[in-house]
Amino acid sequence: MKKRILIICNDFPPYNSVGAERPASWCRHADPDQFEIIVFTRKWKAQVRCLADYYENPPDAPEFSHYGTAKVFYCDFKPNLRDKLILKRTNKSFWVYLQKFLTSFYYWAPFFFSCTDSTRTIYLKAKEFLKKNLGSYSLIIATGEPFISFLYAYKLSKEFNIPWIADYRDGWSLNYGFKYMPFLQKIILKYLLRPLEIRLVKTSAAVTTVTEKLSYQLGELLNRPVHVIPNGYEPEDIEKLSPRALPFKDKFTIMYSGTLYPFQPLEEFVSFFIQFTKKYSIKEKDIRFVFVGSLHQKNRINRAFYSLNCELRITPRLPRHQSVRLIQKAHLLLFLASDSVDGSAVKIYDYMAVQRPVIVFRNDYGTIEKLIRENQCGLLIEKDQNAYEQLHYYYQNWILKNYEAFRTNPINIQSYSRKNLTNKMLTLAASYI
């Protein structure tokens, strides 16, 4: 008999984000003979190109579709006042300040006042569905952020006596962005939402997350074991690549893929690279940097590279398979890490899967370091003279056209296949049915 699972999430295709990839991969790789999956998510535009697109409720979006082995219900998104101000795209100071105030307000209000919740229809539609199918579904998985999905799962679990799993893609009250939040938002998170988080997740049958470090932190907060189901790479994308493909020949190319976060040391890396070019008298015109999917952050990137006279390319967000195909053309793949923030970025798995050396700046002494050392697939930039020598090794091999130096063979890469990780997640889920 098939095990029936209901998934609640905000991010889901066609929205192209790393957050959407996690639940989407479960739907793509679930065994249809063992599992029947229903997803409740919000409606999305076919392409989200800017912030305003995120806050729209597209009238032409389907209400129901199939994705992989799952059935998906797309629920109306109802923009709140803050969302409407963003959609107006106004730069007048009063409206900008009001928008900032409302951002702090809506950060907590939906958990206590349903009339302020833009995605409440996800909960209402799921509730209506479960009423019509009483006893048919045996488990709920809620994945966040946003963590309003945990509130929906908590309510549905209580109303229909169905166990639920809380899946953390990032921390909630332990979020890595805490130090960058406005003061008021920090107070709200620490003294209002943290107690709520503990109360909600206490009722879950299991808790999962993406890294060992976050698992430990959540275990301390929640006083319970937390299972680690890492993010990973999509095997179908890698299978379509040529295993003998070569990187660019005309320039020594370093690529970065994805969003840049405030804690990532981009500016520090550029300073380090400028010193590297001076130390070895490297011609800057022989260097190319490509930032894949980072067009919305072009101002920061351009400022950082102002003093480096190299070729600089910045692309808009690309479909996953196109992004993977592009980064395979790099000589080195850049990962900007921080020892103060746990590295759970999805792109590290794509980096390893395309078999190009990864340059980690700086060593995070955590998840990323462990991955690089275990799989022997790159270099960890430390604060010492050896860092320049490590980078120069790869540059010399480009000069000598020794392209085999840019091919890695990660030892444990198969364990990070989304297909295998889906099996791990659903095996865990089945144990609570």
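The values are calculated or read from the model by the stated rules, or taken from the named source; none is laboratory data. As the structure is a computational prediction, the values presented were derived from the model and not from experiment. FYI the Cβ positions are ideal-geometry reconstructions off the backbone, even for glycines, and counts take in every protein chain you see.
In the range 308-329, what count of residues is obtained for those that are farther than 18 Å from residue 252 by Cβ and out of contact with any Ser or Thr (no Cβ under 8 Å at 6 or more places or on another chain)? Count: 9. Which of the residues belonging to the range 35-53 are touching a helix residue (DSSP H, G or I) at 6+ places or on another chain (Cβ under 8 Å) and either of a type in the set (S, T, N, Q) or over 24 Å from residue 6 (Cα atoms) (or both)? Across the range 35-53, the qualifying residues are 41, 47, 48, 50, 51, 52.
Within the option set 428, 400, being over 18 Å from residue 213 (Cα atoms) and surrounded by fewer than 14 Cβ atoms within 10 Å (Cβ to Cβ) holds for one residue only, 400. Closer than 21 Å to residue 414 by Cα and modelled with pLDDT of 85 or more: does that describe residue 313? The answer is no for residue 313.
Let's see how each residue does on (1) surrounded by 15 or more Cβ atoms within 10 Å (Cβ to Cβ); (2) charged (D, E, K, R); (3) at pLDDT 95 or above:
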| site | (1), (2), (3) |
| --- | --- |
| 199 | no, yes, yes |
| 202 | no, yes, yes |
| 208 | yes, no, yes |
| 221 | yes, no, yes |
| 231 | yes, no, no |
| 239 | no, yes, no |
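Annotation note: of 291, 248, 263, the sole residue that is over 19 Å from the mean Cα position of the chain (by Cα) and either surrounded by 13 or more Cβ atoms within 10 Å (Cβ to Cβ) or of a type outside the set (Asp, Glu) (or both) is 248.
With the structure loaded, tell me whether residue 297 is assigned to a helix (DSSP H, G or I) and within 20 Å of the chain's Cα centre (by Cα) or whether it fails that test. Yes: the conditions hold for residue 297. Just to be sure I understand, how many residues within the range 303-317 are hydrophobic (A, V, I, L, M, F, W, C) and touching a Gly at 6+ places or on another chain (Cβ under 6 Å)? So the answer is 0.
Residues satisfying the criterion are present in the range 163-186 (criterion: touching a Ser or Thr at 6+ places or on another chain (Cβ under 6 Å) and over 22 Å from residue 224 (Cβ atoms)). Residue pairs whose Cβ atoms lie under 6 Å apart, sitting 6 or more positions apart in sequence or on different chains, and linking a residue in the range 325-343 that is in the same structural domain as residue 372 (by TED's automatic domain parsing) and within 22 Å of residue 286 (Cβ to Cβ) to a partner that is among the polar types (S, T, N, Q) and at pLDDT below 95, are 327/257. Any residue that is outside any helix (DSSP H, G or I) and touching a residue at least 24 places away in the same chain (Cβ under 8 Å) - is there at least one of those in the range 123-133? Checked against the condition, which is being outside any helix (DSSP H, G or I) and touching a residue at least 24 places away in the same chain (Cβ under 8 Å), the range 123-133 yields no hits at all. The set of residues in the range 359-369 being over 18 Å from the mean Cα position of the chain (by Cα) and touching a residue at least 40 places away in the same chain (Cβ under 8 Å) consists of 359, 361, 362. For the range 49-81, a residue qualifies if it is β-branched (Val, Ile, Thr) and either in a helix (DSSP H, G or I) or free of Cβ contacts under 8 Å to residues at least 60 places away in the same chain (or both), and exactly one does: 69. Within the range 172-193, restricting attention to residues that are part of a loop (DSSP other than H, G, I, E, B) and in contact (Cβ under 8 Å) with a residue 60 or more places away in the chain, the residue that is nearest to residue 106 (Cα to Cα) is 182. Scanning the range 6-41 for residues that are out of contact with any Pro (no Cβ under 6 Å at 6 or more places or on another chain), crowded, with 24+ Cβ neighbours inside 10 Å and part of a strand (DSSP E or B) gives 6, 8, 37, 39, 40, 41. Screening the range 194-257 for helices (runs of 4 or more DSSP H) wholly inside it with 3 or more residues that are outside the structural domain of residue 283 (by TED's automatic domain parsing) and of a type in the set (A, V, I, L, M, F, W, C) returns the ranges 194-201, 212-222. Contact annotation: residue pairs with Cβ atoms under 9 Å, 6 or more positions apart or on different chains, pairing a residue in the range 252-266 that is touching a residue at least 12 places away in the same chain (Cβ under 8 Å) and farther than 17 Å from residue 348 by Cβ with a partner that is exposed (fewer than 15 other Cβ atoms within 10 Å of the Cβ) and β-branched (Val, Ile, Thr), are 252/399.
When 354, 346 are checked against the criterion of being among the aliphatic types (A, V, I, L, M) and farther than 30 Å from residue 283 by Cβ, a single residue qualifies: 346.
Quick grid of which residues meet (1) over 28 Å from residue 29 (Cβ atoms); (2) of a type outside the set (Phe, Trp, Tyr); (3) at pLDDT below 85; (4) out of contact with any strand residue (DSSP E or B) (no Cβ under 9 Å at 6 or more places or on another chain):
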position: 86; (1), (2), (3), (4): yes, yes, yes, yes
position: 100; (1), (2), (3), (4): yes, yes, yes, yes
position: 108; (1), (2), (3), (4): yes, no, no, yes
position: 137; (1), (2), (3), (4): no, no, no, no
position: 155; (1), (2), (3), (4): yes, yes, no, yes
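Against the condition in the same structural domain as residue 85 (by TED's automatic domain parsing) and without any contact (Cβ under 8 Å) to a residue 60 or more places away in the chain, how does residue 109 come out, does it pass? Against the criterion (in the same structural domain as residue 85 (by TED's automatic domain parsing) and without any contact (Cβ under 8 Å) to a residue 60 or more places away in the chain), residue 109 qualifies.
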